[in-house]
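One structure is given here, and the rest of the page talks about it.
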Amino acid sequence: MARRPITNPLEYLGMARRRWVWILVPLLVIAGLTAAIARKLPKTYTSTSLILVEPQKVPADFVKPTVSGDVALRLESIEEQILSRTELTKLIKKYGLYLGKGLTEDGQVTAMLSDVQVDPVMDPSHPERPTMTAFRISYSSYDPSLAQQVTGELANEFITGNLNSRAQQAVGTETFIDGALQQASQNLQTLQTQLKDLKSSYMGSLPEQQQANLTVLGQLQTQLQENADALARAQQQKTYLTSLTSAVNSLAAPAAAKPPSPLEMQLHTAQAELATAERLYTPAHPDVVRLKAQVAALTQQADDEKAADAKAAKAAADAKPAEAPQVQGQIAVIDQEIAQRTQDQKTVQAKIAALNLRVERLPEVEEKLSNLQNAYDVAKANYTALLEKKQAANMGAAMEQQAEGEEFRIIDPANLPQKPTSPNLLEIDGMGAAAGLMLGLGLAWLAEARDTAVRSEADVLYYTQVPMLAMVPQLSVGIIHALPAAGERKG
């Protein structure tokens with residue numbers, strides 16, 4: 001028969017009153033056993049040490065640190081080194097940890113890793129940029145004194161590991177910068193040599209020599225012009241002396257053989273035009289007047305020319321025997337001067353051509369020199385920057401070696417635990433009591449489910465499906481046994 005569903009919460013209270021033994025006995029038994037077993041479990045003591053992350057003592061404005069400023073990352077690296085299998089094995093052997101537990105070496109290392117705890121302490125004043133200001137190191141052991149010793153040893157290893165790590169990073173940074181500085185120095189020397197060779201190859205065509213080239217070019221052009229003028233004068237003088245010699249030599253020729261001069265031809269032409277004009281115009285006509293004046297002027301010039309020629313011929317005839325050798329000597333001197341000045345002209349022209357070539361090559365040389373100079377300037381700037389970084393790295397390394405940089409400092413040494421941290425007896429007792437109560441409630445519910453007794457009007461209506469006419473009050477066992485005896489006495 002299926003049990004009637006419970007609709008009134010007070011029925012659970014009635015069930016508990018009826019089945020209190022089923023509930024109380026498992027509760028007491030389970031709770032007692034749990035408490036007894038918990039008292040026999042091995043006790044574990046935890047020792048804790050607080051280590052402060054102390055900032056660099058020397059201001060960063062004076063000495064820039066060469067070690068990464070991320071303390072959390074550096075702590076993780078140090079933790080991996082200290083909690084490595086090799087280091088933990090040394091610590092286990094030193095303090096004789098986990099003896100008598102039947103653990104292998106790997107098992108001991110695993111057990112110690114579970115007993116060691118490293119917890120960072122973050123700065124709460126900057127939640128958007130959390131910064132680690134300290135960290136705690138904890139170690140758990142069955143012996144409180146041993147837990148304190150191991151925790152202190154771990155704290156010292158973290159401090160030593162931080163110093164060694166920072167020193168190694170500083171030395172590594174210094175070594176790297178040294179290598180980069182040497183490479184930059186070699187590159188700078190190479191570019192300096194190339195720049196020197198380029199200037200030597202294009203000496204005379206360098207940009208800084210442009211003004212000097214133009215000045216010299218102007219002087220050479222002036223010299224060329226002056227030499228050309230002197231050469232022209234020498235040639236004219238030679239021509240004059242040559243013509244003078246020819247004139248002297250031609251004095252012996254008959255006068256009739258001399259051809260009319262241009263002036264005489266102009267005079268004959270003007271006289272012919274005047275005759276024609278006199279036939280056509282009156283004596284007062286302007287053309288007639290003009291032509292008469294022109295004929296008179298030309299006649300006077302022709303007479304002067306004839307007189308000069310006659311005088312020159314006479315002088316030449318008188319001087320020819322004495323001056324002919326002297327004129328020939330002057331012509332020879334002039335010939336030498338002409339030859340020398342012609343050679344000078346060629347020399348100056350060659351120099352001008354060479355200077356013009358230098359000036360024409362200037363843009364090409366300037367581009368090559370500019371590219372190489374830019375590369376040299378960049379290499380020099382890089383070398384200067386690396387040199388400054390090397391000096392900073394040297395100071396940073398010296399600061400780390402003197403322990404003046406950021407360091408770990410113990411502000412709370414490893415404590416000697418007075419109470420065990422495990423097992424948690426209160427928690428275990430509570431769990432045992434809860435388990436006993438659950439078991440008791442389960443047994444009580446099971447006993448109640450197997451009970452078919454009818455205890456209420458609701459049970460009668462549920463099981464019989466008929467209305468109840470009357471209800472007999474519950475009688476105790478003593479009253480039931482007394483009823484038949486009373487009836488017998490009455491009868």
In nm, spacing of pseudo-spin labels at residue 330 and residue 175 (7 Å Cα→C-beta vector): 9.6 nm
Of 199/351; 368/389; 94/419, which pairs sit farther than 29 Å apart, going by alpha carbon to alpha carbon? 368/389
Gained length - residue 384 relative to residue 352, 0.36 nm times residue gap less alpha-carbon distance: 7.1 nm
Using a simple spin-label model with points 7 Å from Cα along the Cα→Cβ vector, what separation in nm is obtained for residue 104 and residue 36? 3.8 nm
For residue 421, other-chain or 5+-apart residues with amide H closer than 5 Å (H placed, Pro excluded) are 44, 45, 46
Estimated distance in nm for a label pair at residue 418 and residue 186, the labels positioned 7 Å out from Cα along Cα-to-Cβ: 6.8 nm
For residue 410, enumerate residues with amide H under 5 Å from its amide H, sequence gap 5+ or separate chain, H modeled in the peptide plane. 52
What is the gain in length, in nm to one decimal, between residue 43 and residue 445 on full extension, counting 0.36 nm per residue of separation less the C-alpha to C-alpha distance? 140.9 nm
To the nearest Å, what is the center-to-center distance of segment 263-311 and segment 172-205, using C-alpha atoms only? 91 Å
Cα-based reach from residue 40 at 19 Å (exclusive), listing aspartates and glutamates while leaving out same-chain residues under 8 positions away: 143, 427, 429
Linear extension gain, residue 145 paired with residue 343, 0.36 nm per residue minus alpha-carbon span: 60.0 nm
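No value in this document is a laboratory result; all are computed from the given coordinates. Treat the numbers as computed from the prediction; the structure is a model and nothing was measured. Note that we place each Cβ from the backbone using ideal geometry, even for glycine, and neighbour counts take in every protein chain shown.
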